[in-house]
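Note sheet for the following structure.
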């Protein structure tokens with residue numbers, strides 16, 4: 001469970017990844033706004049609402065921001081707008097806003113106990129499908145999701161549901177975002193300026209040691225580096241991009257297990273953890289820890305990198321971002337969120353593997369209203385007002401409009417003091433192309449550029465392969481338990497690889513990693529043959 005809880009936090013920097021920057025196409029600013037002619041609203045509105053009470057749709061929504069005591073005003077604004085603009089949909093949102101520490105636990109409890117839940121974001125989509133946690137929504141998408149499908153085809157892929165389907169059936173709606181994420185070094189610009197070093201000299205993770213050495217010497221009370229949150233490291237993303245590794249449908253989020261990868265164009269599936277490649281990067285993390293560059297409790301602390309940086313106790317962190325600028329826009333966003341002078345620098349070239357498109361909004365297999373859930377998703381993915389209200393709250397209270405695509409916090413308020421904001425959720429729900437940004441029109445343009453990178457970035461030769469874990473579910477569960485025991489310490493640097501890595505590899509073998517690798521190899525070979 002500890003591993004599952006930590007999965008969500010990394011999205012702050014990854015999935016957040018951070019297509020955290022978002023843009024919109026339109027001008028609906030208040031619940032009373034009329035839909036523009038030809039907009040998705042036009043297709044659904046126009047006749048009186050059907051008789052009967054609206055169907056309630058319960059959505060478990062993740063927030064990386066402070067959870068307000070009462071967010072009913074935001075939910076009511078969305079529901080009033082939907083009732084007026086989409087009367088024939090006849091749906092009403094019941095949003096459960098959850099923080100990163102409790103999201104997966106609450107989702108798991110709902111799936112196991114039958115607690116009402118209609119929409120959620122599974123962490124490990126194919127595993128959720130294999131465990132029958134997600135409903136078959138094929139017919140509902142065809143009937144009620146036409147507008148949603150069109151925007152997905154425009155922004156995401158010509159065949160958007162290929163990544164969320166099994167045996168021709170649709171089990172989820174992919175998050176419509178720029179899925180090409182660039183590992184980005186995020187740092188305090190004022191502290192860096194005093195080092196006398198140049199940002200241009202930072203080209204990869206291997207250039208950071210000299211930066212940290214100077215920062216530590218000049219600022220003995222400040223940590224040069226920390227992972228994005230407790231027991232969480234995106235070192236796996238760096239490994240993947242620098243070494244062109246395809247995780248073949250697995251995910252590094254939350255220190256999840258990656259049982260079998262393909263390296264470069266070689267179709268042989270191997271155990272990454274037993275390679276010299278993996279050891280080289282883990283040794284680097286441990287060296288940082290030993291030199292005092294990271295907090296001693298980095299693998300167990302509840303402190304987030306955002307908290308430490310805001311408090312002036314941390315110089316840098318890193319995460320995966322889809323901002324289209326190579327780092328500066330990331331710095332602008334973090335500056336906005338923390339009230340500090342933050343900068344960003346891309347430190348690896350994007351590489352798109354089979355796991356890049358695995359984040360999806362799904363309907364629970366136990367949902368009492370799967371069709372109503374899809375109707376709401378169709379609105380969420382295509383309506384500018386709905387998505388931005390859920391992200392930013394009420395205009396005039398929680399944000400003010402600066403320009404067509406830009407909002408700002410009301411004067412005197414911060415993300416911690418404003419009544420409502422879920423701005424950091426933008427990378428894990430809906431359509432990024434409809435989201436406003438909280439920086440500048442230039443950053444809005446960078447979002448569109450990042451979305452365009454979906455089609456132009458280098459992709460793994462195995463992109464499109466989807467691993468079905470049905471035949472090895474017992475092994476996958478056992479491997480996940482092993483990962484939760486060993487990966488936090490190894491990938492955050494607190495464990496000595498010379499001692500712990502061999503133990504980890506042995507535990508993986510005992511848990512059945514070779515069987516999973518063999519199953520992946522069989523499926524990959526069949527996919528390659530079918531796609532020649």
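What pairs can you find where one residue is in segment 127-138 and over 17 Å from residue 249 (Cβ atoms) and not assigned by TED's automatic domain parsing to the domain that holds residue 111, the other is outside any helix (DSSP H, G or I) and at pLDDT 95 or above, and their Cβ atoms are less than 8 Å apart, with a gap of 6+ or different chains?
If the second residue must be outside any helix (DSSP H, G or I) and at pLDDT 95 or above, no pairs are left.
Of all residues in segment 64-92, count the ones that are modelled with pLDDT of 95 or more and either more than 20 Å from residue 424 (Cβ to Cβ) or out of contact with any strand residue (DSSP E or B) (no Cβ under 6 Å at 6 or more places or on another chain) (or both).
Residues meeting the conditions: 19.
Identify, please: which residue in segment 416-438 is surrounded by fewer than 20 Cβ atoms within 10 Å (Cβ to Cβ) and touching a residue at least 60 places away in the same chain (Cβ under 8 Å) and is, among those, farthest from residue 71 (Cα to Cα)?
Result: 416.
In the list 433, 446, which residue meets the criterion of being in a helix (DSSP H, G or I), modelled with pLDDT of 90 or more and in contact with a strand residue (DSSP E or B) (Cβ under 9 Å, 6 or more places away or on another chain)?
433
Just one of 167, 118 is without any contact (Cβ under 8 Å) to a residue 24 or more places away in the chain and more than 17 Å from the chain's Cα centre (by Cα); which is it?
Testing whether each residue is without any contact (Cβ under 8 Å) to a residue 24 or more places away in the chain and more than 17 Å from the chain's Cα centre (by Cα) leaves just 167.
Looking only at segment 259-309, how many residues end up being touching a strand residue (DSSP E or B) at 6+ places or on another chain (Cβ under 6 Å), in a helix (DSSP H, G or I) and farther than 16 Å from residue 216 by Cβ?
2
Look through 302, 275 and report the one residue that is surrounded by fewer than 16 Cβ atoms within 10 Å (Cβ to Cβ), closer than 25 Å to residue 476 by Cβ and either in the same structural domain as residue 514 (by TED's automatic domain parsing) or modelled with pLDDT of 95 or more (or both).
275
The values are calculated or read from the model by the stated rules, or taken from the named source; none is laboratory data. Here the structure is a predicted model, which is why all the values come from computation and not from measurement. Using ideal geometry, Cβ is built from the backbone for each residue, glycine included, and neighbour counts are taken over all protein chains shown.
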